[in-house]
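Asks: Have a look at this one.
The values are calculated or read from the model by the stated rules, or taken from the named source; none is laboratory data. Computed from a predicted structure; not experimentally measured. Note that we place each Cβ from the backbone using ideal geometry, even for glycine, and neighbour counts take in every protein chain shown.
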Amino acid sequence: MRPTTLGDLLDEAALTLRGTTPAEARQEAEELAARVLGDGPAGLDRERVLDGRAVRRLRDLVGRRAEGVPLGHLTGQAAFAGLELVVGPGVFVPRVHSELVLAAGRESVDGVAGPTVVDLCAGSGAIGLALAHHRPDARVHAVEFDPVAADFARRNAARRAALGDTAITVHEGGADRAGALTGLAGAADLVLANPPFMPDTAEVPDEFGRYQPRQAVFGGADGLRVVRQVVEAAAGLLRPGGVLVVEHGHLHGATVPALLRESGWFAEVSCRPDHEGWPLYSSGVRTTS
Ligand SMILES: C[S@@+](CC[C@H](N)C(=O)[O-])C[C@H]1O[C@@H](n2cnc3c(N)ncnc32)[C@H](O)[C@@H]1O
């Protein structure tokens with residue numbers, strides 16, 4: 001019988017994985033193979049003959065990924081805005097969509113020297129750490145209430161600081177306590193947030209419904225329980241003219257902008273789409289009232 005090569009298994013894996021595109025499936029298969037073989041994806045040799053143990057291990061990882069286990073929970077890492085972050089079971093794996101939230105936030109503090117920034121619902125710390133990486137003059141606070149996730153955020157913060165990024169401060173606690181935790185009142189230039197926003201009864205893919213932490217995905221009966229906390233907290237944290245950018249997904253393309261406008265705390269409210277044109281996040285500028 002012909003020996004099994006890495007190329008055979010990568011082809012098999014790409015068929016098994018239900019990525020949104022064949023290119024994504026192939027990339028995920030390569031990342032899993034890199035995890036098994038200890039090489040970077042770029043160093044993979046398709047002609048390499050795999051022993052039985054490596055074949056079983058790679059097939060097991062591919063099978064778990066096909067069931068919906070997040071790729072980051074299998075590889076232990078996630079890329080976000082040019083950073084490699086440590087992730088694992090118990091913490092939300094950052095999504096590429098959230099890079100648009102980061103980009104909007106960065107744009108809003110373009111002309112602000114030494115901006116003060118708060119990342120609410122920080123998870124692994126992805127958004128706050130990426131902001132600190134791209135804006136070394138920023139003072140960044142990350143707020144996360146789940147102890148497991150906060151631990152990942154602290155680990156990532158320590159790693160990024162060791163690599164030379166400006167250190168960020170991770171606060172463990174709820175978004176509703178962000179003012180007390182950070183000591184900021186009317187002083188932040190920017191609040192970024194990617195809170196849980198799915199209604200509790202929404203049907204979501206297993207990746208989100210079974211494998212990502214429940215408190216990272218579901219936000220009460222209408223999905224907006226934590227979003228409301230974020231809006232209120234941001235109103236207290238931001239200086240007049242400071243900006244809130246909050247991710248909320250396609251279900252809330254009308255409700256969250258309305259929430260911001262009706263609060264009376266935000267003007268210049270707008271909702272922006274993701275790469276496919278679905279509502280993704282809203283932003284508003286803190287009023288003086
Ligand atoms: C969708 S995840 C986003 C994580 C990270 N910002 C990212 O983009 O990858 C939402 C995060 O909010 C946290 N969270 C949920 N409710 C919270 C609350 N009331 N206060 C603070 N964090 C909360 C969850 O534990 C989870 O880590």
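Asks: Restrict the check to region 201-217 and report whether at least one residue is within 9 Å of the ligand (Cβ to nearest atom), touching a Cys at 6+ places or on another chain (Cβ under 7 Å) and among the hydrophobic types (A, V, I, L, M, F, W, C).
Replies: no
Asks: Then there's this: For region 103-126, how many residues are touching a Ser or Thr at 6+ places or on another chain (Cβ under 8 Å), within 16 Å of the ligand (Cβ to nearest atom) and over 15 Å from residue 81 (Cα atoms)?
Replies: Residues flagged as touching a Ser or Thr at 6+ places or on another chain (Cβ under 8 Å), within 16 Å of the ligand (Cβ to nearest atom) and over 15 Å from residue 81 (Cα atoms) within region 103-126 amount to 1.
Asks: Among 196, 205, 213, which is the only one that is at pLDDT below 95 and of a type outside the set (A, V, I, L, M)?
Replies: On inspection, the qualifying residue turns out to be 205.
Asks: Sticking with this one: Among the candidates 91, 49, which residue alone is within 16 Å of the ligand (Cβ to nearest atom) and in contact (Cβ under 8 Å) with a residue 24 or more places away in the chain?
Replies: 91
Asks: Taking region 51-71 on its own, how many of its residues are assigned to a loop (DSSP other than H, G, I, E, B), farther than 12 Å from residue 89 by Cβ and within 21 Å of the chain's Cα centre (by Cα)?
Replies: Total meeting the criteria: 1.
Asks: Select, from 129, 100, 74, the only residue that is modelled with pLDDT of 95 or more and either near the ligand (Cβ under 9 Å from one of its atoms) or more than 15 Å from the chain's Cα centre (by Cα) (or both).
Replies: Criteria check complete, one pass: 74.
Asks: While we're here: Could you go through region 156-166 and let me know if any residue there is more than 21 Å from residue 73 (Cβ to Cβ) and either within 15 Å of the chain's Cα centre (by Cα) or within 13 Å of the ligand (Cβ to nearest atom) (or both).
Replies: Checking region 156-166: not a single residue is more than 21 Å from residue 73 (Cβ to Cβ) and either within 15 Å of the chain's Cα centre (by Cα) or within 13 Å of the ligand (Cβ to nearest atom) (or both).
Asks: Would you be able to say whether some residue in region 174-182 is within 13 Å of the ligand (Cβ to nearest atom), of a type outside the set (Val, Ile, Thr), assigned by TED's automatic domain parsing to the domain that holds residue 255 and touching a Ser or Thr at 6+ places or on another chain (Cβ under 9 Å)?
Replies: For region 174-182, residues within 13 Å of the ligand (Cβ to nearest atom), of a type outside the set (Val, Ile, Thr), assigned by TED's automatic domain parsing to the domain that holds residue 255 and touching a Ser or Thr at 6+ places or on another chain (Cβ under 9 Å): absent.
Asks: Name the single residue that is surrounded by the most Cβ atoms within 10 Å (Cβ to Cβ) among those in region 260-289 being in contact with a His (Cβ under 8 Å, 6 or more places away or on another chain) and either not in a strand (DSSP E or B) or not assigned by TED's automatic domain parsing to the domain that holds residue 196 (or both).
Replies: This residue is 274.
Asks: Which pairs turn up if I take residues in region 214-227 that are at negative phi and look for partners that are of a type in the set (Asp, Glu) with beta carbon separation below 7 Å, at least 6 apart in sequence or on another chain?
Replies: 215/146; 218/200; 221/200
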